[in-house]
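The values are calculated or read from the model by the stated rules, or taken from the named source; none is laboratory data. Please read all numbers here as calculations on a predicted model, not as lab measurements. Please note: Cβ atoms are built from the backbone with ideal geometry, for glycine as well, and neighbour counts cover all protein chains shown. These accessible areas exclude ligands, DNA and RNA; they are computed on the full protein's heavy atoms, side chains included. Shrake-Rupley method; radii C 1.70, N 1.55, O 1.52, S 1.80 Å.
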Amino acid sequence: MDEPILTIEEREAINSGRWFSTLSPSLRHDILRCATVKRYKDGALMAARGEPPEGWIGCARGAVRVSSTSLSGKQITLTYVEPGIWFGDVAMFDGDRRTHDAYAHGDTTVLHVARADFKKILAQHTELYEAMLRLHARRIRQLFGLVEDLNTLPLRARLAKQLLHLVRSYGVPSLENGNEIRIGLQLAQEELAQLLGASRQRVNQELKAMEREDAIRIEAGGLVVRDREALMRIAESGP
């Protein structure tokens, strides 16, 4: 059953989001006032490809796995939406159907703003138009960066960059060693490989090489970053 309000931690995740935190207090207030809190169990389908757009969504806890399906019927993970990030706004503007599936990855809490409420907020707060332009411009820059990395960097460097991103978004300091950071997002190596457009076997080889260099540690429950600076050096190494 959906809870009516966010927890303190969930509200903090939304309010501290890089984009959301730049909005005026009145705009943030109206967005939160119109939003409905929804909670999903791990693996639950949140939105399906081909569905009409019903709302704008912000992740407050957990993660949202955005995926597509190959011609052979295999699910391909494209990205993970982390706490503090909003998505689904493109469909709010053009009205087209959803282009991808969205699943809860772990127990996940989201805010859902109905399309009608989204339009009302736009009418009342013209600053949201400019804020959306900034958000989309940032996404386009990130997209071009990903395309550039895919075409210019070896898998080893791209993997290191992905691990550093996961540390920033989901890093949890180790209780045993304060210098180590555990990646809280549970990812199978197949899922990590899909994010990089590589095979699981090649990603496994690179992870083991990083482990031998004491940059990371592979555990049954996930990955632990032992030397963040070493990962940064790997990420900055060119072809």
- Query: Does any residue of the range 66-79 turn out to be over 29 Å from S26 (Cβ atoms) and in contact with a Pro (Cβ under 9 Å, 6 or more places away or on another chain)?
  - Reply: no
- Query: What is the residue count in the range 156-192 for residues that are part of a helix (DSSP H, G or I), surrounded by 15 or more Cβ atoms within 10 Å (Cβ to Cβ) and either among the charged types (D, E, K, R) or in contact with an Asp or Glu (Cβ under 6 Å, 6 or more places away or on another chain) (or both)?
  - Reply: 6
- Task: Run W56 past the list (1) touching a residue at least 40 places away in the same chain (Cβ under 8 Å); (2) under 22 Å from K119 (Cβ atoms); (3) exposed (fewer than 12 other Cβ atoms within 10 Å of the Cβ); (4) of a type outside the set (K, R) and report the number of the one that doesn't hold.
- Result: (3)
- Task: Check M210 against each of (1) open to solvent by 90 Å² or more (accessible area, probe 1.4 Å); (2) at pLDDT 95 or above; (3) of a type in the set (A, V, I, L, M) and name the one condition it does not meet.
- Result: (1)
- Query: Just one of the numbered conditions (1) in contact (Cβ under 8 Å) with a residue 24 or more places away in the chain; (2) within 30 Å of K74 (Cα to Cα) is not true of E180; which one?
  - Reply: (2)
- Query: So how many residues does the range 193-212 have that are of a type outside the set (A, V, I, L, M), over 15 Å from V225 (Cα atoms) and either in a helix (DSSP H, G or I) or in contact (Cβ under 8 Å) with a residue 24 or more places away in the chain (or both)?
  - Reply: 7
- Message: Residue under question is E219, and the condition is that it be closer than 25 Å to A104 by Cα and either polar (S, T, N, Q) or over 17 Å from the mean Cα position of the chain (by Cα) (or both); does it hold?
- Response: yes
- Message: Step by step: first the residues of the range 213-239, then only those that are of a type in the set (V, I, T) and either closer than 16 Å to L155 by Cβ or touching a Cys at 6+ places or on another chain (Cβ under 9 Å) (or both), then the one that is surrounded by the fewest Cβ atoms within 10 Å (Cβ to Cβ). Which residue is that?
- Response: I234
- Out of R200, R138, R158, R212, report the one residue that is farther than 24 Å from A104 by Cα and touching a helix residue (DSSP H, G or I) at 6+ places or on another chain (Cβ under 6 Å). R158
